[in-house]
Amino acid sequence: MYQALVTYTDGSQEKLALKMQETCRGFIVTLPRDELHKPVETVDFMPDFAPAKEGEEGYIIYKNYMIRFKNHEDQRIDTGFCQQRMMGVKTPRECFACIMTGMWEYHRFIIERKDGVYTIHPRFLMEGQQIDGDFQAEYVMLTGEDADYSGMARAYQDYQLNTVGCKMIRDRMNPELEYVLDAPEIRIRQAWKPVPTPVEEQTDENEPPMHVAATFERVGEVMDACKAHGVDKAEFCLVGWNISGHDGRWPQAFPVEEKLGGEEGLKKLTKKARDLGYRLVCHTNSTDCYSISNRWSDQLPMRTRDGEKQKNAQWGGGRMYNMCPKAGGEKFSMEDLPKVKELGFHGLHYIDVISCVAPYRCFDKEHPCTQKEFIASMTRIAKRASELMGGFQSEGAYDYMAPVSDMFLYVDFGLFNPPKMVDENVPMWQLCYNGIVLSNPAPATVNYPVKDWQSQLKFIEYGGHPAVYIHSKFVTPDPSRSNWMGDVDITCGSPEEIEEAATHISNMLTEYRKIKDLQLMKMTHHKREGDLATTTYEDGTRIICNYGEASYSVDGVDIPAHQYAVVRA
C-alpha cells in the first residue's frame, strides 16, 4: 500500500493511504486535500517503491544529475525545488519517470542512502500555507528502448507538450523567433556599481560611484564591427541601460542612465540597430527591490514566516530584497514594459532571474503570496513582454516558465561542479526542451569560443544556442563572491577589444549555422561510451563529441581529440 507521511505545523504526524489509479503507462498516486484538516508543514510520499542496493547497476536522476548505486556513504539530500518537476529511477528490476502533477509548485525530492539502500521520494513543502489542490504524482513505467534516462526525458516531454501546454518552436514560429534562430544573443553589460556593495542601504547621498564600461555610442561601435565581420544578424541585449546601471535601483528603471547617453542616446542606438538589420532588446527585473528605489516602501519586500523582510544578495543597488508581486512588483512591471517598448526595443525581451529561482513565497499578512500565485504572476508578466516586444527570455531554466519562454541564458550551474553524491551530469533538461526553448547549457558555456575545450564541447553536446556576454565579469574579487560565468571574458573597452569581440562572434555564428537546424528538433537520445558522447536528434542526426586524448573513427568519420563530428542520417 502506498502511503503519505503528513507532518502538521503543530508537530504531529500521521500516515494516510494514497489513492492509486492505474494508467496505460503506469499509475497515479493522490492524496486528496480534503483529507487534511489543519495546517501542514510537509507531505512525503513514502519511498516504498523501487529501492536499490549498493553495487547494483542503475541510477537515480534529478535535474541534470545522475547518482549511481555505487561508492557512496549513507547520507540524505533535499534537492530543493527542481528545474524540472520530475525524477527518475533505473534499477535491474524496473525503470520509471515520476512526474509531479498535483501541488507541484511546492515539490522537492528526498534522496537517501541508508544502510546500503538507495531511495528517492517526493516531498511537498507547505510551511502552513493554504492547500489549493490534491497532492499527486504520476509514475510512468519504461521498458525496452525507453528504459533509460533518455526515455525518462521523453516521457516528461510528452507531458509538457500534451498536458502543460508547451509548444515546439516550429509550431509557434513568428518573425522574432525566426530571426533569433539564425543569430547569436549578444548581451553587453554597460555599467555597474561595486559588487559586493560597500553600502548596504543606499541613498542618493551615499550611493557608490558607477563604473561605465560601454556607453550607447560604444555599443553602436560594437554593432559596426560585427557588421564589418559579416555578422548579418544578431540580437543585442543591453544590461544596465537603466538608472544607476546593472541592478542599480530596481524596481526603478527610469530615467535612462544619463552617463551612458540618456534617452536621446538610447533612441539613436535603437535606430542604428534597425538600420543595420539587428534586433535590440534590454534587461529588466520583476523580482528584486532596493531601498534606494523611488518605488520603495517597507511593504514591497516579501516576508519570512517570522515577519522579517526576505533578504537576498548584497548587489549593485545595496541589500537586495525579494519583491512581492502582490505588493507592487507585478504592477510596476506592467507599467514599465510599454515604456520599454516606446524606447525602440524589439525582440526577445529579457527579464532577469524569473526562471533562475525557485518560486518565492511571501508570508506577509497583508499580501500573502504562495508559490502558485508567484508563478501565475511571473507568467502574466512574461506574456505581456511577449505581446509588446515579440518574445520573452530569462536567465535560468526552472521550467515553470517554459510554456511562456523562448530562450534561457543558461540551464545548469552544476555542469562542471555538481552537488555532493552526484556522479555524472547528463542533459535531461535538453532532452526534454530542445526544440521547445532555446538555451545555452551553463554559465560556463557563455562566451564558449574563448573558454576551454571542455566548455566548447559541452556547448555542442548539449545543443546550445550561441550566447555572448560582453563584460560578463564584474564582481569585485572577494572570497564570498565569484564571476559565475568565469574569469575569461569578452570586452569592448578599446578598438582592439571590439575587433577581437567581433571576430569571436563571427566565427561562432559560422560554426553555429552548420547545425542550427537542430534547434528546431527534439533531442531523442543521449549516451556516453568511454570518451565519446553522442546526442541524437529526431531526424537521425548524431553529434559525437570526443572528450579523449586520442582520435576516434565512427562510421568512417574521424573525430580528433577534443573535437566533434556531425553525422547526418
Mean separation of Cα pairs under 8 Å and 6+ residues apart, divided by the residue count of the chain: what relative contact order is that in percent? 12
Out of the range 354-438, which GluC sites (Glu not before Pro) are coil in DSSP terms and have no more than 11 other C-beta atoms within 10 Å? Glu366
Filter the trypsin sites (Lys or Arg not before Pro) in the range 277-376 to those in DSSP coil with at most 14 other Cβ atoms within 10 Å of their Cβ, and list the result. Arg305, Lys365
Share of pairwise Cα separations in the range 236-338, more than 17 Å, in percent: 55
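Going down the table (Lys309/Lys420; Lys19/Lys90; Lys339/Lys383), which pairs top 19 Å between alpha carbons?
Among Lys309/Lys420; Lys19/Lys90; Lys339/Lys383, the Cα-Cα distance tops 19 Å for Lys309/Lys420; Lys19/Lys90.
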Solvent-accessible area per residue for the range 409-552 at a 1.4 Å probe radius, Å²? 36
Give the distance, in whole Å, between the Cα centre of the range 528-569 and the Cα centre of the range 1-70. 39
Computed from every Cα-Cα pair in the range 139-185, P(r) in 10 Å bins starting at 0 and rounded to whole percents is 23, 32, 29, 15, 0
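Taking the Cα centre of the chain as the origin, how large is its charge dipole in debye, to the nearest 20, when only Lys and Arg (+1) and Asp and Glu (-1) carry charge on their Cβ atoms?
On the way: 64 positive and 84 negative charges, 152 e Å.
Around 740 debye, computed over the chain.
Calculate for the chain the 222 nm mean residue ellipticity that helices alone would give, adding -39,500 (n - 2.57) per DSSP H run of length 4 or more and normalising by residue count, nearest 500 deg cm²/dmol. Don't skip to the end; give the middle numbers.
Numbers: 9 runs with 113 residues, N = 569.
The helix-only estimate for the chain comes to -6000 deg cm²/dmol at 222 nm.
Using +1 on the beta carbon of Lys and Arg, -1 on that of Asp and Glu, and nothing else charged, what's the dipole of the range 223-353 about the Cα centre, debye to 20? Don't skip to the end; give the middle numbers.
Values: 20 positive and 18 negative charges, 21 e Å.
Computed about the Cα centre, the dipole is about 100 debye.
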Of all GluC sites (Glu not before Pro) in the range 508-557, which ones are in loop regions per DSSP and have a Cβ with at most 11 other Cβ atoms within 10 Å? Glu549
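Just to be sure I follow: if Rg is taken over the C-alpha atoms of the range 108-261 and Rh is the Kirkwood radius over the same atoms, what is Rg/Rh? Intermediate results must be reported in sequence, preceding the final value.
Working: Rg = 24.5 Å, Rh = 21.5 Å.
When Rh is taken as the Kirkwood radius, the ratio is 1.14.
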Under a 5 Å amide H to amide H cut-off, with H placed in plane at 1.01 Å, what residues pair with Leu142 once short-range neighbours are removed? Cys95, Phe96, Ala97
Out of all Cα-Cα pairs in the range 346-420, roughly what percent, to the nearest whole number, are more than 20 Å apart? 37
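What are the semi-axes of the equivalent ellipsoid for the range 60-171, taken as the square roots of 5 times the Cα gyration tensor eigenvalues, largest first, in whole Å?
Working: eigenvalues 112, 87, 25 Å².
For the range 60-171, the ellipsoid semi-axes come out as 24, 21, 11 Å.
Rounded if a/c is under 1.5, else prolate if a/b is larger than b/c, else oblate: which is the range 411-536, with a ≥ b ≥ c the root eigenvalues of its Cα gyration tensor? Walk me through the intermediate numbers first.
Details: a/c = 2.22, a/b = 1.28, b/c = 1.73.
Because a/c hits 1.5 or more and a/b fails to exceed b/c, the range 411-536 counts as oblate.
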Would you work out which of Leu177, Met407, Thr203 lies farthest towards the positive end of the dipole of the chain, given +1 charges on the beta-carbon of Lys and Arg and -1 on that of Asp and Glu, about the Cα centre? Leu177
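May I ask for the Kirkwood hydrodynamic radius of the chain, worked out over all distinct Cα pairs and given in angstroms to one decimal?
Values: mean 1/r = 0.0402 Å⁻¹.
Kirkwood hydrodynamic radius for the chain: 24.9 Å.
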Once you have the alpha carbon radius of gyration of the range 437-486, what is it after dividing by 2.2 N^0.38 Å, with N set to its residue count? 1.20
Two-decimal ratio, the range 172-280, of alpha-carbon radius of gyration to 2.2 N^0.38 Å: 1.20
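With the Cα gyration tensor of the range 317-474 giving a ≥ b ≥ c as the square roots of its eigenvalues, does the rule (a/c under 1.5 for rounded; else a/b larger than b/c for prolate; else oblate) give rounded, prolate or oblate? Display every interim value, and only then the final one.
Numbers: a/c = 1.94, a/b = 1.47, b/c = 1.32.
It is prolate, given that a/c is not under 1.5 and a/b is the larger ratio.
Nearest 20 debye, what's the magnitude of the dipole of the range 272-430 about its Cα centre given +1 on Lys and Arg Cβ and -1 on Asp and Glu Cβ?
Numbers: 20 positive and 20 negative charges, 85 e Å.
The dipole of the range 272-430 has a size of about 400 debye.
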Rule-of-thumb check for the range 477-565: C-alpha Rg over 2.2 N^0.38 Å? 1.47
Shape descriptor, the range 384-465: equivalent ellipsoid semi-axes (Cα gyration tensor, sqrt 5λ, whole Å, largest first) stand at 24, 15, 11
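On average, how much area does the Cα convex hull of the range 1-87 cover when viewed from any direction, in nm²? Write down the numbers at each step before the final one.
Values: hull surface 30.9 nm².
The number I arrive at for the range 1-87 is 7.7 nm².
Give me the percent of the accessible area of the chain that comes from carbon and sulfur atoms, probe 1.4 Å, all protein chains in place.
Exposed carbon and sulfur together represent 48 percent of the surface.
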Distance between Cα centroids, the range 93-123 to the range 229-277: provide it in whole Å. 45
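Would you mind telling me the antiparallel percentage of the DSSP bridges in the chain, rounded to 5? Please report the intermediate quantities before stating the final value.
Working: 89 of 115 bridges.
Counting DSSP beta bridges with both partners in the chain, the antiparallel share is about 75 percent.
The values are calculated or read from the model by the stated rules, or taken from the named source; none is laboratory data. Please read these numbers as outputs of a predicted model, since none were measured by experiment. FYI the Cβ positions are ideal-geometry reconstructions off the backbone, even for glycines, and counts take in every protein chain you see. Surface accessibility is based on the protein's heavy atoms, side chains included, excluding ligands, DNA and RNA. Shrake-Rupley method; radii C 1.70, N 1.55, O 1.52, S 1.80 Å.
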